[in-house]
Amino acid sequence: SVPLSFFGGIGAASNIGVLVKGSNYLEQMAHLDTVVSDKTGTLTEGVFHVTRVVPAEGVLEETMLRNAAIVESLSTHPIAKSIQAAYTEVLEPGLARDARNISGQGLIAKVGDSTVYVGNKRLMEENGIDYREIQDGESTVVYVAADGKFQGAILISDEIKDSAVKAIREMKQEGVRHVVMLTGDRKGIAEAVAEKLSVDEFRAELLPADKVQAVEELLARMSGDKKDGSNGKKKLAFIGDGINDAPVLSRADVGIAMGSMGSDAAIEAADVVIMDDDIGKIPRTIRIARQTVGIAY
Ligand code: ADP
Ligand code: MG
């Protein structure tokens, strides 16, 4: 049976707004060796601002932005919200249809008679669109195309959460040995964020399936430390919020989701939910977990 103090630990976590879905997860949180995190919306604010709009030659800025805004109105991704906010004209609902969300790439939808593509360069490449690449170390670049023709790019940027810098430092004080950032975003941006946050390792330009693979590699690396192939008590947590993060949240020993920005799929797949998205509550929960285990044993 479960020692009573585990319920005390779950209660203590609940008091700070952290939902722990079982005493076993509290026990695993007490033994975190590796913490893997998604970037956008987890380590960064996830609130993008449009910084530059670059229409392709012969395309009106208005046309390109309108197409992008119509298509993004079907998405809840933080990128989508920023593009909707940048297009201030009122759009009647129902302008886009047959939307397809391409994981780690963006969206494709019908607008009137046109097929519109809104996403990163991989989306352009995979659909054979002759786009003009924008080199900008600081920004996420969203490319727009219609009917196979490049219409331009929208540059947006996000900011690192002050609380993330502190949370990473505190996790290390709570015994976490290795912090890894995984992102679908470009390498240049990932590198800058990784450096500012002093994470130990980062991987960029990943598709959701690559994130699962990265976690599996990290788990294998941890078990390599043990002769019997088990991880012993060493555990791995993944922190994420996106709809695409559900598989990797399930794969980790402890999946941690952000409750208010998180998608339903992520919250469902998670073992621990941070109700108000305050990443600083993760080291606090580790501390509660360690105290609980200390009491229980
Ligand atoms: P992250 O790992 O940073 O959370 P995602 O896996 O959510 O990123 O997305 C990876 C990349 O796919 C984004 O950086 C962006 O280039 C592109 N992308 C995803 N969703 C959209 C969208 N709705 N509009 C435009 N681009 C998108
Ligand atoms: Mg994400």
Selection count, segment 149-208, where residues are among the aromatic types (F, W, Y) and assigned to a helix (DSSP H, G or I)
0
Residues of segment 103-136 being more than 8 Å from ligand 1 (Cβ to nearest atom) and assigned to a strand (DSSP E or B), which ones?
I108, A109, K110, V111, S114, T115, V116, Y117
Count, please, the residues in segment 9-52 that happen to be aromatic (F, W, Y) and not in a helix (DSSP H, G or I).
1
Among the residues of segment 63-86, are any touching a residue at least 40 places away in the same chain (Cβ under 8 Å), surrounded by fewer than 22 Cβ atoms within 10 Å (Cβ to Cβ), assigned to a strand (DSSP E or B) and not hydroxyl-bearing (S, T, Y)?
no
Could you look through segment 234-293, keep only residues that are touching a helix residue (DSSP H, G or I) at 6+ places or on another chain (Cβ under 6 Å) and hydroxyl-bearing (S, T, Y), and pick out the one that is nearest to ligand 2 (Cβ to nearest atom)?
S263
Take the residues in segment 256-265 that are modelled with pLDDT under 85 and in contact with a strand residue (DSSP E or B) (Cβ under 8 Å, 6 or more places away or on another chain); name whichever of them is farthest from E45 (Cα to Cα).
G259
Find the residue count for segment 1-42, including only residues that are within 16 Å of ligand 1 (Cβ to nearest atom) and out of contact with any strand residue (DSSP E or B) (no Cβ under 6 Å at 6 or more places or on another chain).
2
How many of the residues making up segment 247-257 are over 10 Å from V35 (Cβ atoms), buried (at least 22 other Cβ atoms within 10 Å of the Cβ) and within 14 Å of the chain's Cα centre (by Cα)?
4
Go through the residues of segment 212-233 one by one and say whether even a single one is within 12 Å of ligand 1 (Cβ to nearest atom) and either β-branched (V, I, T) or over 23 Å from V273 (Cα atoms) (or both).
no
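The values are calculated or read from the model by the stated rules, or taken from the named source; none is laboratory data. Quick caveat, the model's predicted, so the values are computed rather than measured. All Cβ positions, even for glycine, are placed from backbone atoms using ideal geometry, and neighbour counts span all protein chains on display.
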